[in-house]
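The structure appears below as structure tokens.
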Amino acid sequence: MRPTGNDRLPVPASRAPRRGKRRRPADVVPWPDEDEEPYPLPFHPLELGEDALRALCGFVQEGLPEPDDIDAYAIALHGFHVRFPHGPDPAEEEAKLQRITETMGPPRFYKLGPDGSLIESDGP
């Protein structure tokens, strides 16, 4: 490994045949928090979204919750099953699905072989 300077990550030197020394993208990666360009906006959009979610709903999806945040996982939600009002009877649809399932063979499972081909296996 060769050092790339005090403010750069050390990277291994590499040689390409007939081309001599070659720079890699890692040669120009600065250390964290150094030489970073300032963000062009006075806020970051993701942080703005989290702050808005906290202000409007009382919880956040990412980051650490504050003590007065709501536990979003403790909120019970109602589920709804929407059906087409003029569609077929749900019992008829279930019977049709059952008939179709009975005509199918047993499920087949495949694994990826070492060469990338599919190999049928006994189960998942």
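Observations on the model:
- Label-to-label distance, nm, for residues given as Tyr39 and Met104 (7 Å Cα→Cβ offset): 4.7
- Accessible surface of segment 37-84 [probe 1.4 Å, protein heavy atoms]: carbon and sulfur percent: 63
- Asp51 - accessible surface, heavy atoms, 1.4 Å probe, Å² rounded to 10: 90
The values are calculated or read from the model by the stated rules, or taken from the named source; none is laboratory data. Keep in mind that this is a model prediction, so the values were computed, not measured. No Cβ is skipped: glycine too gets one built from the backbone with ideal geometry, and neighbour counts run over all protein chains shown. Just the protein is used for accessible areas: all its heavy atoms, side chains included, with ligands, DNA and RNA removed. Shrake-Rupley method; radii C 1.70, N 1.55, O 1.52, S 1.80 Å.
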